[in-house]
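The values are calculated or read from the model by the stated rules, or taken from the named source; none is laboratory data. Remember, it's a predicted structure, so these values are computed and weren't measured experimentally. Glycine gets a Cβ as well: all are built from the backbone with ideal geometry, and neighbour counts include every protein chain shown. Note: accessible area is taken over every heavy atom of the protein model, side chains too, but ligands, DNA and RNA are not part of it. Shrake-Rupley method; radii C 1.70, N 1.55, O 1.52, S 1.80 Å.
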Amino acid sequence: MNRRQIFILLFNFILVTTGFSQTSFPKEFDLDGDERFPSITSDGNTLLFAREQKKGFDFFLSNKVNGKFMPPTQLILPDNMPYPTSPVISHDGRWIYFSAYNKGNNGDIYRMRRWGRRLAKPEILSSKINSRGYELFPSPTKDGKGLYFCRLKDKSEPTNLKYAIYYAAFDKKGNVESVNILPQPINLYSEKEPKIMPDGKTLFFMSKISDDEEEYEVMCAIKNEDESWGEPFPIDALNAQNYAHPPCMDGTNQMAYFTQEGKLAMLHWGHILKTDAPQEEIAKTRNNDTGEDNEEQTETKKQTTRPSISSFSDLGFDIIDFKQPPVYRAIIIGINEYQDDKIANLDRPVDDAAAFEEILTTHYTFPKENVISLKSPTREKIIETLDNVMEVAKENDHILIFYAGHGHWDSKRKAGYWLPSDAKAKSTANWVRNSTIKEYIASYKAKHVLLISDACFSGGIFKTRAAFTDAPKAINNLEKLPSRKAMTSGTLKEVPDESVFVKYLQKRLLENTEKYTSARALFDSFRDAVMNNSENVPQFGVINATGDEGGDFIFVKKDKVEAKEVQNDTSGD
């Protein structure tokens, strides 16, 4: 048994003792079709991968909860995207890049914005990147200023395809400034599947080391201070496996994810760094040496040391970027007065909305500057406000929308409406349809959106409607996953002017002593009180088809000192 074989046996022992196996993933990961192209956000919480089918690859997304990946959910791509392949999620999770056939039966690179499992329409990248040939294997840099990708060489033979790695640089506006093929020593023969680390200097890729080789090996190249690339070297820990591919890495658990023999696998970063394979057992090099070196060359090789890979902390995994405190925003709408005499004016909604706003800004973490209060607004004003919040909202925001006013349920159309102040009794032209509100909620980039409506808002908006009886999950788990929830005053066609629902909602928020309270827990705390004191049955549930992933909106109560300071600021105005 030679030293190379001993190393492989030792390495396999390490894999077993460190938990390196397919069993690290739920059984739902191991279905028909080879699994390929894993990529993960730098926080380690969102894993994207593809499963090969006859007409291309299906894309799957899995979130990590309590250190375990949940069963993956398939992402739905448009039907006009033939043979999608090589997907990758950006380090911050905002974008998904992939390649697909175009009309000329060549491959182009696309990207689509991501909010949870909701995806924007794919947009094709610049023609500077997408030539008349075939481009694939995109890999964006962490800062968003560049994209590594592959292009099939024009003179490749069908039975011997050759690829080259390119880099596209973007300007501040996101336009492509330049596209260049990576210089040697990287593109010597055929290189593909680049994976750039967050530091922008460490590049993993697949490479054929010579014209005589058929199989690819996982290689790594490190950029020098002068922006040139160092000599690529093989990653023995992966090449010891059958049909392994370049890894992606998370920034918390220091785990590398890759595929081998069509299955997802994981390995600790420390083992990826292992480079103790006997150098004299590596018979071939990327320079196509024959092994017939003279004594001087042999001595030089012995003295040459393999370049060191940066430590994990030096690879650009800045976890602080992913622990930013959430920003709380609110749209508070109260409508008393209606321009049409056939629609009865109300007395309470504006006061209810004002009282609710004061509770949020005084006792909870809603900054006054982030709360928009609309008193008897028109339809145009409501839509304009929803648009403005969409422009400023960010991925980690928590958005609350509160509505108090007339609502209407049309049983014939099976549609619910809000009635703005300029609504007309015999025309729906100025009414705000439930589906319009749902579209805005689905489109917001925010992590959590909660709708509280003291008006009829039924008719299929909820994926589930129930008074939940099982115990709520831990707050941190609910916070991790995106949510789109609603609580409403009930299913009656008319809601009384003096709302029992709003009364107990405000009462429970004021009486609450917990630092963190989920929307569901808040609802459960006053649901029975509303039912016992009115004819309404309040509703709480997921807003259907808006990107909910099982999380919940979390109310964060201010410390007493903070609340007192807010009250003093208010009294001084």
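Summary of values
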quantity: Cβ pairs under 8 Å, 6+ apart, first in the range 180-196 and open to solvent by less than 10 Å² (accessible area, probe 1.4 Å) and small (Gly, Ala, Ser), second modelled with pLDDT under 90 and in a strand (DSSP E or B); calculated: SER190/LYS208
quantity: LYS173, sole failed condition from (1) open to solvent by 20 Å² or more (accessible area, probe 1.4 Å); (2) within 27 Å of the chain's Cα centre (by Cα); (3) under 26 Å from LEU48 (Cα atoms); calculated: (3)
quantity: Residue, surrounded by the most Cβ atoms within 10 Å (Cβ to Cβ), within the range 414-435, restricted to residues that are over 31 Å from the mean Cα position of the chain (by Cα) and basic (Lys, Arg); calculated: LYS424
quantity: Residue match in the range 498-516 (condition: assigned to a loop (DSSP other than H, G, I, E, B) and at pLDDT below 90); calculated: yes
quantity: Residue check for ASP569: at pLDDT below 90, of a type outside the set (Gly, Ala, Ser) and over 23 Å from TYR403 (Cα atoms); calculated: yes
quantity: Strands (runs of 3 or more DSSP E) wholly inside the range 113-188 containing at least 1 residues that are touching a strand residue (DSSP E or B) at 6+ places or on another chain (Cβ under 9 Å) and among the charged types (D, E, K, R); calculated: 135-140, 146-152, 176-181
quantity: Count - residues of the range 69-92 that are assigned to a strand (DSSP E or B) and in contact (Cβ under 8 Å) with a residue 24 or more places away in the chain; calculated: 8
quantity: Exclusive hit being within 27 Å of the chain's Cα centre (by Cα), modelled with pLDDT of 90 or more, at negative phi and of a type outside the set (Gly, Ala, Ser), set MET219, MET206; calculated: MET206
quantity: Scan of the range 213-234 for residues that are in contact (Cβ under 8 Å) with a residue 40 or more places away in the chain and either exposed (fewer than 15 other Cβ atoms within 10 Å of the Cβ) or assigned to a loop (DSSP other than H, G, I, E, B) (or both), ordered by number; calculated: GLU213, SER228, GLY230, GLU231, PRO232
quantity: Hey, ILE181 of a type outside the set (D, E, K, R) and within 22 Å of ARG111 (Cα to Cα) or not; calculated: yes
quantity: Inter-residue pairs, beta-carbon under 8 Å, first farther than 25 Å from GLY93 by Cα and surrounded by 23 or more Cβ atoms within 10 Å (Cβ to Cβ) and in the range 381-406, second at pLDDT 95 or above and basic (Lys, Arg), 6+ apart; calculated: none
quantity: Any chance SER411 is farther than 25 Å from LYS558 by Cβ and either open to solvent by less than 10 Å² (accessible area, probe 1.4 Å) or modelled with pLDDT under 95 (or both); calculated: yes
quantity: Failed item in (1) touching an Asp or Glu at 6+ places or on another chain (Cβ under 9 Å); (2) under 26 Å from ARG94 (Cα atoms); (3) at pLDDT 90 or above, with ALA486 passing the rest; calculated: (1)
quantity: Residue match in the range 77-93 (condition: farther than 30 Å from ASN180 by Cβ, at pLDDT 90 or above, open to solvent by less than 30 Å² (accessible area, probe 1.4 Å) and more than 12 Å from the chain's Cα centre (by Cα)); calculated: no
quantity: Residue check, PHE57 in contact (Cβ under 8 Å) with a residue 60 or more places away in the chain and either assigned to a strand (DSSP E or B) or open to solvent by 60 Å² or more (accessible area, probe 1.4 Å) (or both); calculated: no
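Yes/no matrix, rows are residues, columns are (1) closer than 21 Å to GLN339 by Cα; (2) within 27 Å of the chain's Cα centre (by Cα):
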site: ILE359; (1), (2): no, no
site: LYS368; (1), (2): no, no
site: SER373; (1), (2): yes, no
site: PRO377; (1), (2): yes, no
site: LEU386; (1), (2): no, yes
site: GLU391; (1), (2): no, yes
site: ASP397; (1), (2): no, yes
site: GLY405; (1), (2): yes, no
